[in-house]
Amino acid sequence: MNNNPPSIQEWKDLYDVAIEFKKIECWSWMWDSDIFGVQNPVSGESGYCCIMGKAGEHFALAVYLGTEGLEGYLKVQSGEVSPPSTDVLHLQKCLMVSFEDKRFLQKQDSQVIKTLELKFRGHNSWPLFRNYQPGYHPWYLTSEEAKYLTVALRQAINVSLRFKNDPEMLTPPMENQYLVRVPRKEKDGLRWRDKWLEPLPLEKVGIIAKPIDANRLEEIKRIIPRRQRIWEIDFFYFPQGVQEKDERPYYPYVILWVEHHSGFILNHHLAKPTNFVSEFPEQFLKLAENIESLPQEILVKREETFNLLKPITSKLGIKLRRIKRLIALEQAQNEFLSFSSGENRNV
């Protein structure tokens, strides 16, 4: 993907349509559950639009990108994941324009507004454009993202004005279908039409861990005893972002090991999201070597954790079981986050 910033003309187009979108105040008659799609004319991927503001607090258009973005939205909407869970912050895969107070703008935002000679006053008046990606801090738009968000805003205006006169227009004829605005290239430009479409199947990226040193596993199995203990293991996002040089800030994963019965934290480790897969099994083996002990059984709740541990536990003769909740670990996680709040950490 091209990471070039938007040109001045692209910024102008985006701000112009954002101002128009705000003026119609479509959140006064639309709920954040009135979802519709806009197909990206360049990539063909559908973004799913959610208009926010009915509650009178947060005024925005979020465009959830592809099936992954839609799935994240649905998990929050259904209550499967809800605040105060930190997972809510890392489910969003979307482009968003929100209307904020001036104090929420960064220098880069203010510079663009100054260059375009735009004026905004009052609460919730300043357009703020951001890209949201799981595991990363909200960030500035690229040229491609700005162009697509401009298209999505124009189509959101179209759909919302029609919805005002026909509140049933987003009611799907069949389950799991969404009204999607689909472009068609013609000589004089793009022509848009409504189409009922199902989201594409969610592509699950399988976790491929590096092969474990067989000799090391045999040595651990030979010299480190298995005790009648149960460990709980999970990972979660650290709430404070880390930035390296001028790169986009990211949120590290915290890997936590807890003794099931006592709730004692055996170890924790912070890893970059990009390094997580390789560091997870390595940190497990290091822990076993350092404390010179292996558990009889390990409890996990995530499929990813299960898949990362299975090659190790099967060789070491440790029972690995997946359950819905890890009570001891959840309590330890809360204590860990409470202790860590306000501290600056680096990975």
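Quick look at the values:
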| read-out | value |
| --- | --- |
| Test: residue in region 41-60 that is assigned to a strand (DSSP E or B), within 21 Å of Pro252 (Cα to Cα) and at pLDDT 95 or above | no |
| Close pairs (8 angstrom Cβ cut-off, 6 or more residues apart or separate chains): part of a strand (DSSP E or B) in region 257-276, among the hydroxyl-bearing types (Ser, Thr, Tyr) anywhere | Leu270/Tyr253; Ala271/Tyr253 |
| Odd one out for Val151, checked against (1) farther than 14 Å from Tyr48 by Cα; (2) of a type outside the set (Gly, Ala, Ser); (3) not in a loop (DSSP other than H, G, I, E, B) | (1) |
| Some residue of region 237-245 being surrounded by fewer than 16 Cβ atoms within 10 Å (Cβ to Cβ) and on the phi > 0 side of the Ramachandran plot | yes |
| Residue in region 308-330 that is surrounded by 16 or more Cβ atoms within 10 Å (Cβ to Cβ), part of a strand (DSSP E or B) and in contact with a His (Cβ under 9 Å, 6 or more places away or on another chain) present | no |
| Residues located in region 17-40, provided they are in contact with a helix residue (DSSP H, G or I) (Cβ under 8 Å, 6 or more places away or on another chain) and part of a helix (DSSP H, G or I) | Val17, Ala18, Glu20, Phe21, Ile24, Cys26 |
| Residue count for region 29-67, restricted to those that are of a type in the set (Asp, Glu) and farther than 21 Å from Glu168 by Cα | 2 |
| Index of the failed condition, Thr150 passing every other in (1) of a type in the set (S, T, N, Q); (2) buried (at least 16 other Cβ atoms within 10 Å of the Cβ); (3) not assigned by TED's automatic domain parsing to the domain that holds Gly53 | (3) |
| Out of Leu287, Leu294, sole residue that is in the same structural domain as Tyr253 (by TED's automatic domain parsing), surrounded by 17 or more Cβ atoms within 10 Å (Cβ to Cβ), in contact with a helix residue (DSSP H, G or I) (Cβ under 9 Å, 6 or more places away or on another chain) and not charged (D, E, K, R) | Leu294 |
| Test: Tyr251 is in the same structural domain as Ile318 (by TED's automatic domain parsing) and over 17 Å from Ala332 (Cβ atoms) | yes |
| Meets criteria (part of a loop (DSSP other than H, G, I, E, B) and either assigned by TED's automatic domain parsing to the domain that holds Tyr132 or in contact (Cβ under 8 Å) with a residue 60 or more places away in the chain (or both)) for Pro239 | yes |
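The values are calculated or read from the model by the stated rules, or taken from the named source; none is laboratory data. Computed from a predicted model, the values in this text were never measured in an experiment. Every residue, glycine among them, receives a Cβ derived from its backbone with ideal geometry; neighbour counts consider all protein chains shown.
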